[in-house]
Amino acid sequence: MTVQDYQDLIDRGWRRCGKYVYKPIMNQTCCPQYTIRCQALHFQASKSHKKVLKKMLKFISKGDVSKAASEEEPMDSHVEDAITCDFPYKAESHVSQSELTPLSVDHAERVENEDEDTGETKEEVNEHKVESGSRQICADNDTLLTRGPAHSAKIGHAPPKPGKGADLSKPPCRKAKDIRKERKLQKLLRKQPCTIEGSQFQAGDPGFLLQNSKSKPNQPKTIEDFVFVSLPDDAPHKLEVRLVPVSFEDPQFKSSFSQSASLFAKYQMAIHKDTPADCGEHEFTRFLCDSPLEAEDGPNGLECGYGSFHQQYWLDGKIIAVGVIDILPYCVSSVYLYYDPDYSFLSLGVYSALREIAFTRQLHEKAPDLCFYYMGFYIHSCPKMRYKGQYRPSDLLCPETYVWTPIERCLPLLEQSKYCRFNQDATAVDEGRIKELGRVRVLHKRIVMPYSVYKKRRKGPSDEASVQQYASLVGQTCSERMLLFRS
């Protein structure tokens, strides 16, 4: 099968498992499986994604190991995030206790960044934090009253006694942001007056001073900022990601096959409870090494070309994870991931998905048409499989018209019914549907011919119904490129 044929097939709801290519009958299966793709060029990592990236970076650069190591499969550890991310905002009653904690790590990082923007020295920042901290307690009194004594005890401050109001002898409470602005303005005023184009502005013009200060808003970090950061020479760990073609003729693939197969068996037995007989080298080869795709050269500069590959994650000289992927004309298609259960604390499922999105962006620079990351099937009726919905922006494939629809528009429909037609245009049809059955290419007695010719030569009962079904599933374009074998 050519990579273009497979690209066109997955855009009609097909997937592969080894050399076996299949398409679910969506309106009949118990758990409809919708093809999902992420718009890699526009992807923005969520808060939970960045935590995984930071965790890996800290482990490699400092040797830090997360204390909250999850024993669950990493891709499943964010199921709750996937469910809650269906809606842009949470109701107040559903906000978790951890989100209400005022001194969380992320909050502290944000405060530190804001201090850097003001240009204050560390001594000034610390002095300011002590000053504003005493006022913050007063500002939180009303909140403490509503949360009850249990929460008050956690923070360490009791609510004011009944009948006692604000202490008029103390300055009124102010927002920390306003205090920071005032301190910044005072620092600017201590400097010499600004001169622009020969006109001297008065030192008391706060608007001009604040607007023309050199502070810039923080830019959100991308995946690449975490993945491709330079590490110190004395870093305790070294992580290398190698792209290896799935071919026993490739020396890298051949030399690492035994180690990769052993890791697969370890993963299957620990995570999926397979028996040793279910995950031997033969089963590994059939499942993750055999591929129907013929390798092809890509555009100029795309050295790896198109085809099936293993992305091997080498940590300190040994393989700890392998992502099986297909590189196709328009996308990187994720096939499977297996990893060493001993490194579950690194959330390798999530981390590898983010790395594959970053890899898609890299390939796009050499192959402009390649700009999507296909994650396989999204199964909304199975909560364990909803994690794929948190890689946004993403689209689901309409099972009837094969047009891509933003997942935000699909989720309300899937809440009402397991099977849905996402295209809301009632008049829309499958544009790639079979229009001329006679043009379907057939292989008969080692001769290629159109179905119209084969139909005349055929003896016995008509097979037009089965040919019609095949053509409707693969579409007109593929039916004229691929060969339907007739005995």
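Taking 25 Å as R0, compute the FRET efficiency from the Cβ-Cβ separation of GLU365 and ASP225 and round it to 0.05.
It comes out at approximately 0.90.
Can you list the HN-Hα couplings for segment 34-45, worked out from phi with the Karplus curve (6.51, -1.76, 1.60; θ = phi - 60°), rounded to whole Hz and with x for Gly and Pro?
Here the 3J(HN,Hα) series is 9, 5, 10, 9, 9, 7, 4, 5, 10, 5, 10, 5 Hz.
Here is the link list: LYS51/LYS318; LYS58/LYS366; LYS221/LYS254; LYS435/LYS455. Which ones come out longer than 26 Å on Cα distance?
LYS58/LYS366; LYS221/LYS254
Could you check the simple spin-label distance between LYS254 and LYS187, using points 7 Å along Cα→Cβ, in nm with one decimal?
6.3
Taking the Cα atoms of segment 396-448, report the difference between the largest and smallest coordinate on each principal axis, in whole Å and largest first.
Cα spread of segment 396-448 along its principal axes, largest to smallest: 51, 22, 17 Å.
What ³J(HN,Hα) values, in whole Hz, does the Karplus curve 6.51 cos²θ - 1.76 cosθ + 1.60 give for segment 414-423 when θ = phi - 60°, with x put for Gly and Pro?
Computed from phi, the couplings for segment 414-423 are 6, 5, 8, 8, 5, 9, 9, 9, 6, 6 Hz.
Residue by residue through segment 172-189, what is 3J(HN,Hα) from phi via Karplus (6.51 cos²θ - 1.76 cosθ + 1.60, θ = phi - 60°)? Round to whole Hz and write x for glycine and proline.
Each residue's phi maps through the Karplus curve to give x, 5, 9, 5, 4, 5, 5, 5, 5, 4, 5, 5, 5, 5, 4, 5, 5, 5 Hz.
For a quick check: sort ASP463, ASP369, ASP8 by the number of other beta carbons within 10 angstrom, fewest at the front.
ASP369, ASP463, ASP8
Looking only at segment 326-353, which residues have a backbone nitrogen under 11 Å from a spot 7 Å from the Cα of ARG242 in the C-beta direction?
The answer is none, because no backbone nitrogen lies closer than 11 Å to the label point.
Based on alpha-carbon centroids, what's the gap between segment 316-391 and segment 237-289 in Å, whole number please?
The distance from the Cα centre of segment 316-391 to that of segment 237-289 comes to 17 Å.
Quick check on the exposure proxy: order LEU348, LEU293, LEU484 from fewest to most C-beta atoms within 10 angstrom. Don't skip to the end; give the middle numbers.
Numbers: LEU348 25, LEU293 22, LEU484 18.
Neighbour counts put them in this order, fewest first: LEU484, LEU293, LEU348.
Report the full-extension gain for the segment CYS304 to ALA465: residue separation times 0.36 nm, less the Cα-Cα distance, to one decimal in nm. Can you show the working numbers first?
Details: separation 161, 0.36 × 161 = 57.96 nm, distance 4.15 nm.
Gain on stretching CYS304 to ALA465: 53.8 nm.
For a quick check: sort GLU240, GLU356, GLU400 by the number of other beta carbons within 10 angstrom, fewest at the front.
GLU240, GLU400, GLU356
Sequence-distant or interchain residues sharing an amide H contact under 5 Å with TYR306, placed H: which?
GLU296, ASP297, GLY298
Coordinate-derived values only; no laboratory data. Because the structure is a prediction, the values reported are computed rather than measured. Counting neighbours? That spans all protein chains shown, and the Cβs are built from the backbone with ideal geometry, glycine included.
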